[in-house]
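To start, the structure itself, in structure tokens.
Every number in this text was worked out from the coordinates using simple rules, so none of it is lab data. Quick caveat, the model's predicted, so the values are computed rather than measured. FYI the Cβ positions are ideal-geometry reconstructions off the backbone, even for glycines, and counts take in every protein chain you see.
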Amino acid sequence: MIYYLKSLTFAQPYWFLLLALIPLLVFYYFKRRNKQQASLQLSNTRWLDINPIKTLRQRLFFLPFTLRMLAFIFLTIVMARPQSALQRKKVNIEGIDIIMAIDVSGSMRAMDLKPNRLEAAKEVAKTFIESRKNDRIGLVVFSGEAFTQCPLTTDHKVLKDLFKPIKSGMIEDGTAIGDGLATAINRIKDSQAISRVIILLTDGVQNRGSIDPVSAAEIAKTFGIRIYTIGVGSKGTAPMPIQTAFGEQIVRVPVKIDEDILKKVAQETDGQYFRATSNKNLEKVYQEIDQLEKSKIDVDIFQNKYEEFLPFALIALGLFILELLLRFSLFNTKP
């Protein structure tokens, strides 16, 4: 992608200090003019109330001086050496491929994040997607099993729309972290991007699936895929909607997150593990990942400079000539 930018610069801008003389010149001009005006004493000034019609010379009396000041300004611009700089920017943008793997197990309905863990994760993930305009992003969801909700795409509007139907219970319950990772790896392993990343978010402990999370991380490492893991949920207990004989009730249940496994997965692939205990914490986690994984942008700049004093010099000369013509014609006071 190539951009052309044209700007005006000055090689010797210190000449603009001369413009500070303009107020002094104006002051001297009016002071000198007042001294040249004659005075007359009158006993009665009623006859002066009549408004005489001003001649063209009277109406344009200050024009020569104004032209001289304008010519001085343009001459100062000439001395400052205006130059136009034509820049040609060649921008090479190579995005990062990212797969977001999100746990949709029943425990993601816990309400320690508002309105619950899953909805909070969806909203923050969509905000993250909006900040990654140059990247291809895909989505994998997992619970007792895993599947691809959206393959890698740059159509972020479609991707965000595919977050809407995601809910707990949409697939068999459980927590198959290894299967979620394996599905994400399978979706990104053949990518030619300069950086390939998986962001895995879960709130539980591996209790389903056929693939161990650490083994999946080792596979990711062989493909040069980096994994960021996020453990979401408060520490201790969390309020959870539970179906009882008396209807759905909110009860506090223990929070169990296998942080050791999540840390090993991240360390194995040169990633990082984060713990998010609130909506604000989760936002900060994604912001930090956003800073860690920036798109690569190469910018080659080619610049040519051209002297642009001639138009300003011609304007200054034209103003001087016009002032002289007026001074020796319309404003000529000699008989």
Answer in debye to the nearest 20: the dipole magnitude of the stretch 96-294 about its Cα centre, from +1 Lys/Arg and -1 Asp/Glu charges placed on Cβ, is 440
Eigenvalues of the alpha-carbon gyration tensor of the stretch 207-310, times 5 and square-rooted, give semi-axes in Å, largest first, of 46, 23, 11
In nanometres, the difference between 0.36 nm per residue of separation and the alpha-carbon distance of T244 and K221 is 3.8 nm
Excluding residues fewer than 8 positions from K294 in its own chain, the aspartates and glutamates with Cα under 13 Å of it are E94, D97, D135
Among G138, V214, I177, the residue whose Cα sits farthest towards the positive end of the charge dipole of the stretch 96-294, when +1 is placed on the Cβ of each Lys and Arg and -1 on the Cβ of each Asp and Glu, is G138
From the cross-link list K221/K263; K122/K189; K189/K221; K235/K256, the entries with a Cα-Cα span beyond 18 Å are K122/K189
Taking only C-alpha positions in the stretch 96-294, Rg and Dmax in angstrom work out to 15.7, 55
Under Stokes-Einstein, the stretch 127-239 at 20 °C and 1.002 mPa s, with its Kirkwood radius over C-alpha pairs, diffuses with a coefficient in µm²/s of 144
As a percent rounded to 5, the proportion of antiparallel DSSP bridges among beta bridges in the stretch 96-294 is 35
Cross-link reach from K114 to aspartates and glutamates, straight Cα distance under 20 Å and at least 8 residues apart if same chain, gives D103, E123, D203, E248, E283
Expressed in nanometres to one decimal, the distance between label points 7 Å along Cα→Cβ at H156 and D190 is 2.6
